[in-house]
1. Looking only at the range B:349-367, count every residue that is loosely packed, with under 13 Cβ neighbours inside 10 Å and part of a loop (DSSP other than H, G, I, E, B) and tell me the total.
2. Within the range B:391-400, identify whether any single residue is under 22 Å from B:K308 (Cα atoms) and either within 35 Å of the chain's Cα centre (by Cα) or in a loop (DSSP other than H, G, I, E, B) (or both), and answer yes or no.
3. Tell me, please, whether a residue that is within 30 Å of B:D434 (Cα to Cα) and touching a strand residue (DSSP E or B) at 6+ places or on another chain (Cβ under 9 Å) can be found in the range B:249-257.
4. Filtering the range A:186-203 down to residues that are facing chain B (nearest Cβ under 7 Å) and in a helix (DSSP H, G or I), which residue is nearest to B:T238 (Cα to Cα)?
5. Please go through the range B:454-484 and give me each residue that is within 8 Å of another protein chain (Cβ to nearest Cβ) and hydroxyl-bearing (S, T, Y), ordered by number.
6. For the subset of the range B:455-498 comprising residues that are in a loop (DSSP other than H, G, I, E, B) and touching a Cys at 6+ places or on another chain (Cβ under 9 Å), which member is surrounded by the fewest Cβ atoms within 10 Å (Cβ to Cβ)?
7. Hey, which of the strands (runs of 3 or more DSSP E) in the range B:31-127, taking only ones fully inside, have at least 1 residues that are closer than 28 Å to B:Y211 by Cβ?
8. Within the range A:305-318, does at least one residue satisfy the condition of being without any contact (Cβ under 8 Å) to a residue 24 or more places away in the chain, within 28 Å of B:S420 (Cβ to Cβ) and buried (at least 19 other Cβ atoms within 10 Å of the Cβ)?
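The values are calculated or read from the model by the stated rules, or taken from the named source; none is laboratory data. These figures come from a predicted structure and were not determined experimentally. Heads up, the Cβs are rebuilt from the backbone with ideal geometry, glycines too, and the neighbour counts pull from every protein chain shown.
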Amino acid sequence: MTNALSPEVVEPTRGAGRGTLRYVATKVGGALVSLVLVVVLGFFLFRVLPGDPVKTITRDAPVDPARLAELRAQLGLDDPLPVQFLRYLGGLLRGDLGQSYNYRQPVLDLILDRVGPTLLLVGTATVIAAALGLWLGVRGGWRRGSRFDRASTGIALLLWSAPTFWLGMVLLTVTGTLFPSQGIIDPATPPGLLPQALDLLHHLALPCLTLVAVIYAQYLLVMRSSLLEEMNADYLTTARAKGLRDDLVRRRHAVPNALLPTVTLIFLNLGMVVSGAVTVETVFSWPGLGQLTFKAINSRDLPLLQGTFIVLAGAVLVMNLVADLLYRVIDPRVRAA
Amino acid sequence: MRMRRIGVCLAVAACAALGTPAVTGVGAPQAHAADSKVLRVAVTTAVASLNPFLAYHQADTEIGRMMYEFLTAYDQTDQHPVPGLAESWQVGTDKLTWTFKIRQGMKWSDDKPITAKDVAFTYNLMLTNAVARTANGNFVSNFDTVTAPDDTTLVVRTKQPQATMLALDVPIVPEHVWASKVDKLVNYTNLDFPVVGSGPFTLVDYKPDQYVKLKANPNFWRGKATVDEVDFYHYDNTDAAAQALIKGDVDLVSKLTAAQFDTLKGKDGITTNKAVGRRFNDLIINPGAQTNTRQPIGDGNPALRDVKLRQAIAQAIDAKTLVDKSYGGYAEPGSSYIPPVFSKWSTNQQRTFDLAAANRTLDEAGYRKGPDGKRLDKEGKPLTLRLIGDSGQPTDNPNGQYLKSWLGQLGIPVDVQLVSGDKLGDVTTAGNYDLSFSTWGVNPDPDAVLTLQTCAALPDAEGKSGTTETFTCDEQYDQLYKAQLSELDEGKRVQEVKQAQQRLAELATSVTFAYPDQLEAYRSDRFSSFAVQPNPGGVITGQNGYWGYYKAVPAAAGTSSGVTPTGLVIGIVVAVVVVAGVVLLVVSRRRKSTADERE
């Protein structure tokens, strides 16, 4: 009996190993192809948009036509498009994203400066929102229709449908002088880790609160509905029949199975974390990547637009890839398929 | 259970951490204000580059003016040229040689002497280095040679006589700092703090899109500023900036909308300033767009090449109604090309709104009405016009609707389209418009806006690099323009500038209808007054100079509410810890009790 079984047991394992490799290779390959498309698209997309960078830079400045031509040459805009494209590709291969027309600084430096604040704001908000949303979702779903469920779902949906910009302004207004109105750090803050960190957190509080209030509903709803789908499953009856406490049935049996769609959502959102939350960053003048992209669009800053586009799209690609790979780890069904 | 409890603890700790510093922040600005006089200004336009050779944007150049003195400055009262680094000047009989006397004893902020050699270095750098010409190149394009025979004498020889020699808006940089930067000028951000300068303030810190920090320069030749520090705080939206003024986070806000201005009016501790603007809003009428090789471009309605039709349109614009309705009264009705704030140069002529006269003009010019009451062009086809505006400009839509109604009464249907500012720029540059809204800021010297209407401003054969506002190209106007540029007798030049504007009004390619007010507000409990330019009625921010910041007068009485940050911090920390403890207790209690119930 054991002899007859063992080859069957061994065989799928070996196949699974090869399958994993193929699975990973396919996913990574797909991501790479997408990245190449992003790079090409990033160049041509923004050149189709209306607006002449040189005119935008010199808007309202007293310049003569000779100066405009000189500026065009300086920025390399008078070269034919294919030459500009090759220069852009060459730069990319050397890790050079070019120089911003507007800030007159290397694009890479500008982006790196903004990654920190964005990760801090959107990352913190996502973690808090996910934790809060999942917790409330589990609570509400487990006792569907209870007063708690109705209240929490109602509030979450209300906040979800509130315009971010408006909510931010309202918070800014009603909190009076409790929180600062702009930026990430006050230049008057004394140096030293503690005061700087406290000032940073002080600046972070309102934008983070706004963002959490707006986004936690999606985690709550997904968690709640996927828990509801599990509610009538036979294995829960079995678990209860074993005499497990209701609390344990929920925690050990229902939640792990209901968690899958939420994981996808979290990773998809983590990809978006980098792109920031343009509206929140704008209300609170938070110097993040979203704000930088917005400025780049407004000022037709082509190198900066390309740079931010690649970084933002790249982040989504990477996170999707991670989600795909992780899915295989946490969901045995994907492995089998 | 233990894992869960740890989670709750962490969450509470995070909340506490987010909450506590609230107090340090409240204390910080006020404590900061108590020991030194700091002016905090909200800036809502982006500061992009502080390298004076590359800085174009209004916020950049405004800060540049605070860091670097020019050869000459503009008077606070009426904006006429006054001494800057140069204390006096004279022009030779050849009308080409300008000799500037540089004031003795002036020092850079690093205590090195400011001499004529620094000025010569700056101008010569711009003459020899294309990058150095990026932002201010047009000021030196007529320079032949610049020399400094000694430390107090600067001699500039121009190619042609140039009337604008006292309006050279070029920041003068220290040679001893910049000589080594010449090769990498295009990549130089000029952020080696403190940045050596000659203006009333010294740049000491800057974080892009966050803040700019300037300290008073004790070496400034006019004497140290009345405030110790000016901090510019960047705001991405003006609503938040207005809110920050109410909260007391900033002391001065500019570029307010009418709605924000009305909200701030009458608020405790806040004074509003409705200042005359130096910007005109005009309707541009496509007279037949063309390149500088006289090749027609664009798809403008050919009927508009007829000056009579353009004049009739100009007669049908009621500037008074537009100002009252579209601008909520926060503008002056416009007519002359140069705003009346520059009373010396402005013609101050009034255009009369007269639909009957406009109809007569059209009848006489041969634009018959069809059976439906609509005008026909000279080829007998129905005459309709497109009017393109900027969807980002709140006034463009109402202005467009009024114009549509007035021109409709002339029998000319108008199709109003609003597009993005960038799209509008593309459309007007390519000449693909009939009518459009446009706007320009005017400097104390009128030359820059006058060039916009010359044939030389037309785009090149590829349709690029044009600076024309309206595609105007008129021989008579060009002659007047050239005459005023080389006229060194100011009285005569004023006449020529006025004649040029009159010619422009006759051509009716640009119809000015409004000069929007600049709306500002400040904390009068912290600053009792500011120097406005022009005085009275002028602006605090965005001046042709640094007077607003340089002469800001802090309020006499102590205004800080005397919060002691450290004590409060400790108090709040304790409070939060207590609250956190209680919450923790309640949560664990409840959990235990429900668990018990179920078991």
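1. Filtering the range B:349-367 down to residues loosely packed, with under 13 Cβ neighbours inside 10 Å leaves B:349-350, B:352, B:356, B:364, B:366.
Next cut, part of a loop (DSSP other than H, G, I, E, B) only: B:349-350, B:352, B:366.
Total satisfying the criteria: 4.
2. Taking the range B:391-400 as the starting set, the residues that turn out to be under 22 Å from B:K308 (Cα atoms) are B:400.
Those left that are additionally either within 35 Å of the chain's Cα centre (by Cα) or in a loop (DSSP other than H, G, I, E, B) (or both): B:400.
Looking for residues that are under 22 Å from B:K308 (Cα atoms) and either within 35 Å of the chain's Cα centre (by Cα) or in a loop (DSSP other than H, G, I, E, B) (or both), one finds at least one in the range B:391-400, hence yes.
3. Our first condition is that a residue be within 30 Å of B:D434 (Cα to Cα); within the range B:249-257, this holds for B:257.
Retained after the next criterion (residues that are touching a strand residue (DSSP E or B) at 6+ places or on another chain (Cβ under 9 Å)): B:257.
Yes, the range B:249-257 contains a residue that is within 30 Å of B:D434 (Cα to Cα) and touching a strand residue (DSSP E or B) at 6+ places or on another chain (Cβ under 9 Å).
4. Of the range A:186-203, the ones facing chain B (nearest Cβ under 7 Å) are A:186-189, A:195, A:198-199, A:201-202.
Checking which are in a helix (DSSP H, G or I) leaves us with A:195, A:198-199, A:201-202.
Numbers: A:P195: 29, A:L198: 27, A:D199: 23, A:L201: 24, A:H202: 22 Å.
Per the stated criteria, the residue is A:H202.
5. B:S465, B:T467
6. The initial filter retains those residues of the range B:455-498 that are in a loop (DSSP other than H, G, I, E, B), namely B:458-474, B:486-489.
Those still in the list that are touching a Cys at 6+ places or on another chain (Cβ under 9 Å) too: B:458, B:468, B:472-474.
Numbers: B:L458: 23, B:T468: 25, B:T472: 23, B:C473: 22, B:D474: 20.
Ranking the qualifying residues of the range B:455-498, first place goes to B:D474.
7. Working: elements: B:38-43, B:72-74, B:81-83, B:86-91, B:97-102.
Once the strands (runs of 3 or more DSSP E) in the range B:31-127 are filtered for at least 1 residues that are closer than 28 Å to B:Y211 by Cβ, what remains is B:38-43, B:72-74.
8. Among the residues of the range A:305-318, not one is without any contact (Cβ under 8 Å) to a residue 24 or more places away in the chain, within 28 Å of B:S420 (Cβ to Cβ) and buried (at least 19 other Cβ atoms within 10 Å of the Cβ), which makes the answer no.
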